[in-house]
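As structure tokens, the structure follows; a few thoughts come after it.
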Amino acid sequence: MTATRVLVLNSGSSSVKYQLLDMRDSSRLAVGLVERIGEETSRLKHTPLTGGGEPREREEPMADHEQALRAVADELAADGLGLDSPELAAIGHRVVHGGLKFTEPTVIDDAVMKEIERLVPVAPLHNPANITGIRTAQALRPDLPQVAVFDTAFHTTMPESAARYALDVKTADEHRVRRYGFHGTSHAYVSRKTAQLLGRAPEDVNVIVLHLGNGASASAVRGGRCVDTSMGLTPLEGLVMGTRTGDMDPAVIFHLARVGGMSIDEIDILVNKKSGLIGLCGDNDMREIRRRIDAGDEEAALAFEIYIHRLKKYIGAYYAVLGRVDAIAFTAGVGENAAPVREAAVAGLEELGLAVDGALNSVRSDEARLISPEYARVAVAVVPTDEELEIADQTYALVSDRNA
Ligand code: AMP
């Protein structure tokens, strides 16, 4: 029997998201999520997508990722999709930080694990959780290829002019301080899909990808290769996000420490968890912000304006970086669903060849689609992202190549 299934694992600090796919037709066999790992009660939501099974929920204490993954394995087994199945070809892990070394998806061995561990200081929130997820999966199926797909990999093509900060070179190199970029799996998938939507080869197309979720980032993609992106050493830089500031004069941090008497840890939490949209208006869900604006709320309206202003600046900047732009693609929770954000982001940019057709923009759909009018020089697209499918595709391609 040929093994055609791939399990995709996305391990966060207290959560694990998973999807089991059949790569013959890229269909989902099961999806699920474990939340609140290590807390008093953890919750597992499991949805089988074959055989007509109903979604199931379990609430019980799960002390760590190992217990959580064992519970996931039990749920999959109950649907006849157990991890011991010979049909499982590989497990694909989302790994947030791959530094400069990992430019491609990589089969995990001891040396690869060591390198992912070496990167913990530049991704203290993310890489430890990814490492735990990998170790647990290895314990469950030691014989199976485990593949790491890195969030940073797509951005390793950035030229030094975009990747380096104008920081003292010696200090920067000593501490590996540079712009790595994140959401790379999404930027790769969406830029390729956008080229497909235009009926052109990715090599011939220049795209600005706007990944607007709770975390948000923009990238400039020339001929399928990333040449600039808005996140930097960490996912804090760039656009206004749900809870993160994005770009800000770094001296604000000195000011808050020296004048505001805040500790570095307090500032870290402030800028990462309590700022962005939630810091500006108390809400980070764009649906709620739009509802408040419609009800005349000025605080929400200003938060929206600040969000859009930053987005426009990046569209302009990446237009200049690329020189010629064929398409702008909106993706992720806000980008795929919030028509007012798309409309406001390109409003007034007609001189750049950018426009949105009101009727097309208001259509709701899960499909990739164009929302610019026929006459527009630059295509504006909505392209739903699918990071799990991209991770599964890259994982399966790698293990199929090895077996070929
Ligand atoms: P993500 O991180 O890609 O899952 O995106 C999550 C964010 O998408 C939420 O915080 C909301 O702000 C936004 N979002 C999701 N659905 C909608 C919707 N129907 N309209 C506007 N914003 C939405």
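General observations
- In segment 77-122, the qualifying residues are those that are among the acidic types (Asp, Glu) and without any contact (Cβ under 8 Å) to a residue 12 or more places away in the chain, and the one that is surrounded by the most Cβ atoms within 10 Å (Cβ to Cβ) is ASP109.
- Residue in segment 379-397 that is over 25 Å from the mean Cα position of the chain (by Cα) and either among the hydrophobic types (A, V, I, L, M, F, W, C) or away from the ligand (no atom under 12 Å from the Cβ) (or both) present: no
- Residue list for segment 277-287, restricted to those being within 10 Å of the ligand (Cβ to nearest atom) and either farther than 19 Å from THR331 by Cα or touching a Cys at 6+ places or on another chain (Cβ under 8 Å) (or both): ILE278, ASP283
- Beta carbons closer than 7 Å, at least 6 apart along the sequence or on distinct chains, pair a first residue in segment 330-350 that is basic (Lys, Arg) with a second that is at pLDDT 95 or above and in a helix (DSSP H, G or I) for ARG342/ASN361.
- Residues within segment 295-321 that are within 13 Å of the ligand (Cβ to nearest atom) and either more than 18 Å from ALA347 (Cβ to Cβ) or modelled with pLDDT under 95 (or both), tallied: 1
- Residue pairs whose Cβ atoms lie under 9 Å apart, sitting 6 or more positions apart in sequence or on different chains, and linking a residue in segment 130-149 that is among the hydroxyl-bearing types (Ser, Thr, Tyr) to a partner that is modelled with pLDDT of 95 or more, are THR136/LEU9.
- Within segment 196-211, the set of residues being touching an Asp or Glu at 6+ places or on another chain (Cβ under 9 Å) and either under 17 Å from LEU354 (Cα atoms) or within 16 Å of the ligand (Cβ to nearest atom) (or both) comprises LEU198, VAL205, ASN206, VAL207.
- GLU66 of a type in the set (Asp, Glu) and modelled with pLDDT of 90 or more: no
- Residue check for THR243: surrounded by fewer than 23 Cβ atoms within 10 Å (Cβ to Cβ) and touching a Lys or Arg at 6+ places or on another chain (Cβ under 6 Å): yes
- ASP249 within 16 Å of ARG310 (Cα to Cα), of a type in the set (D, E, K, R) and away from the ligand (no atom under 16 Å from the Cβ): yes
The values are calculated or read from the model by the stated rules, or taken from the named source; none is laboratory data. Here the structure is a predicted model, which is why all the values come from computation and not from measurement. No Cβ is skipped: glycine too gets one built from the backbone with ideal geometry, and neighbour counts run over all protein chains shown.
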